[in-house]
Amino acid sequence: RKDGEYVWLLWNSREDPESGLFYGAAQDITERKRAEAALRESEQRFAELVTTIPEVFFIAHADLGGTIYVSPAYETIWGRSCQSLVDDPQSWLAAVHEEDRARVLEGLEHVNREGRVEHEFRIIRPDGEVRLIHELVTVILDEQGRPTRHVGLGSDVTEQRELEQQLQHARKLDAVGELAGGIAHDFNNILTGIAGFTELALARPDGLDEELRGDLEEILGGARRAGALTRQLLTFARREVARPQIVDVNDVIAGVSRLLRGTIPEDVSVITQLAADLGRVKVDPHQLEQVLLNLVLNAGDAMPEGGVLTVRTFAPSEAEVALAVGDTGTGMSEEIRARMFEQFFTTKEVGKGTGLGLAAVYGIVEECGGRIAVESEPDSGSTFVVTLPVTQEAAEHREHRDDPAARAGSERILLVEDDELVRRLTCELLEREGYRVIVAATPLEALGYEGEWDLLLTDVVMPELNGPELATRLGTERPPFQVLFTSGYSGDTMVERGALDPGAPLLQKPFSRAQLAGMVRDVLDAPPSGYGREQAQPWLASRSTAA
């Protein structure tokens, strides 16, 4: 055209046979060509969209008579070819899990009435893998308002739902952990009194008849076993930093043998085979107890109808010590063995397993530089073998803690404890060691005391002020003094909550007379760099700087 624009023309012409001239007519079809180009572009965009999105896009007949179109993602998610829907229009339904099939059909009938449906269902791929599908379907109506087509989008949400379930499970565990920590704290105060006064009764100078002494020793043993249980609760409530020590694996097993017996069914026989002259290993003894407890619990669960549980130790080589826990239970398939150390993976019924036990075992063993192996076949039982490296380090000894004379002293101790039972017990234990004790039931009562002392022995968690805050307040106008904290919570929990600085000396409840006296003596004999006008303790400096 004169304006430079190109146009499309449809030219029709014919020859006049008499004159030999050509006659013709031209029709401007530019708009039609533009419409065709726009249609091709739209179809191309649609093709690019449906072939690249990870979801399955489909168009189907509203009467469920067959599929009009399905995107290539169908082959990826369902594991079947798109052509299979042409060959067998109902093949998609056959792939739906048998337990979900009726619900899916009901949902598609619902969309014809209500206009849309959103549901989730399981499918079984040809390789046997089960996937979870989230599907949104909308109905298309004809001019008379009758359903004619279904348009839908299906997504594979298997991993997403698994992550959501794990997150929900983790939140539940966190909530239960908070509760467990609080319960353990309160129990530790009670157990401190029970164990402590029982210990005092056993130490009476006038003596006890053998029957009464035996009863008291049973009470003391029970209190200490209960203390071990609360330590497990605290470990569950908060992941704690490992405190490796040089230990004998046989001693650890012997120390928790009664606890282990109480965790398994009565119809399970227990055989213990402990090898002599094993090398020592460097591990956190509480974590090793946790490994043993989890393996024994799993073994007991694998024998619902009874059986034999074997705990044994042996030396695979001079450089290693092995702990084996075996059962005669149901055993495990290859598929379960491949996933058994995954977090949150469990084969137990809902509500009966967390899927964290073996994951925790694996993490602890790996952290110790060891390894874990499993021998198991279906219906043939399982044996877990934990192998740990032998250490050449010498065990640390503190002779004075076993020597009553070395534990004693005459220093002044300001005792601040809000629990009456623990307060009375601690005061009596310290006075029996020769110390002069000033007692305060609350932080405010301690602040009102105008005298001096050599050691402040204070609980961490108290009303009005916590232990470190009290120590700081007391230290502003007094000569230097040492500080020892006590708590029913673990040190790691106190540090994590900001109630205690790393490195601060802490005596965890429940404690024995020897533990209390030994820790008090250690702190009093430490370099004189405690609280007071010359506050210089490194673990105090961080608190002062932060303030």
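For the chain, what is one quarter of the convex hull surface built on the Cα atoms, given in nm²? Mind dumping the intermediate values first?
Values: hull surface 195.1 nm².
If I average the Cα hull's projected area over directions, I get 48.8 nm².
Could you tell me the relative contact order of the chain? Use alpha-carbon pairs under 8 Å, at least six residues apart, and round to a whole percent.
On the way: 881 pairs, mean separation 48.4, N = 547.
Here the relative contact order equals 9 percent.
Using per-residue counts of other Cβ atoms within 10 Å, averaged over each peptide, order 320-331, 420-431, 210-221 from highest down. Walk me through the numbers on the way to the answer.
Values: 320-331: 21.1, 420-431: 18.8, 210-221: 12.9.
By packing density, highest mean first, the sequence is 320-331, 420-431, 210-221.
Return the ratio Rg/(2.2 N^0.38 Å) for segment 1-52, where Rg is computed over Cα atoms only.
Numbers: Rg = 18.7 Å, N = 52, 2.2 N^0.38 = 9.9 Å.
After normalising by residue count via 2.2 N^0.38 Å, the value is 1.89.
Given the peptides 30-40, 288-298, 463-473, 92-102, arrange them by the average over their residues of other C-beta atoms within 10 Å, most packed first. Provide the component values of the computation, followed by the final result.
On the way: 30-40: 11.1, 288-298: 21.8, 463-473: 19.3, 92-102: 14.6.
Highest to lowest by the protection proxy: 288-298, 463-473, 92-102, 30-40.
When 1/r is averaged over all different Cα pairs and the result inverted, which Kirkwood radius in Å belongs to segment 54-156?
On the way: mean 1/r = 0.0729 Å⁻¹.
With all distinct Cα pairs of segment 54-156 included, I get 13.7 Å.
Nearest 20 debye, what's the magnitude of the dipole of segment 18-123 about its Cα centre given +1 on Lys and Arg Cβ and -1 on Asp and Glu Cβ?
Details: 11 positive and 20 negative charges, 42 e Å.
Its charge dipole is roughly 200 debye.
Return one number: the angle in degrees, 0 to 90 and rounded to the nearest 10, between the long axis of the Cα atoms of helix 30-52 and the longest principal axis of the Cα atoms of the chain.
Approximately 30 degrees, to the nearest 10.
Rounding to the nearest 10 and keeping the result within 0 to 90°, find how far the Cα-based axis of helix 101-114 lies from the longest principal axis of the chain.
Helix 101-114 and the main axis of the chain meet at about 60 degrees.
Semi-axes of the equivalent ellipsoid of segment 1-105: what are they in whole Å, largest first, if each equals the square root of 5 times a C-alpha gyration tensor eigenvalue? Before the final figure, lay out the partial values.
Details: eigenvalues 544, 65, 23 Å².
Over the Cα atoms of segment 1-105, the semi-axes work out to 52, 18, 11 Å.
Would you mind pulling out the separation of the Cα centroids of segment 430-475 and segment 162-231, in Å?
25
For the chain, with the dipole built from +1 on Lys and Arg beta-carbon atoms and -1 on Asp and Glu ones, taken about the Cα centre, which of Pro479, Ser84, Ala441 lies farthest toward the positive end?
The residue sitting farthest along the positive end of the dipole is Pro479.
As I understand it, the value is the acute angle between the Cα axis of helix 158-202 and the longest principal axis of the Cα atoms of the chain; what does it come to in degrees, rounded to 10?
10
No lab work stands behind these numbers, since they all come straight from the coordinates. Small disclaimer: the values here were computed from a predicted structure and weren't measured. Quick reminder, even Gly has a Cβ in these numbers, built from the backbone with ideal geometry, and neighbours come from all protein chains shown.
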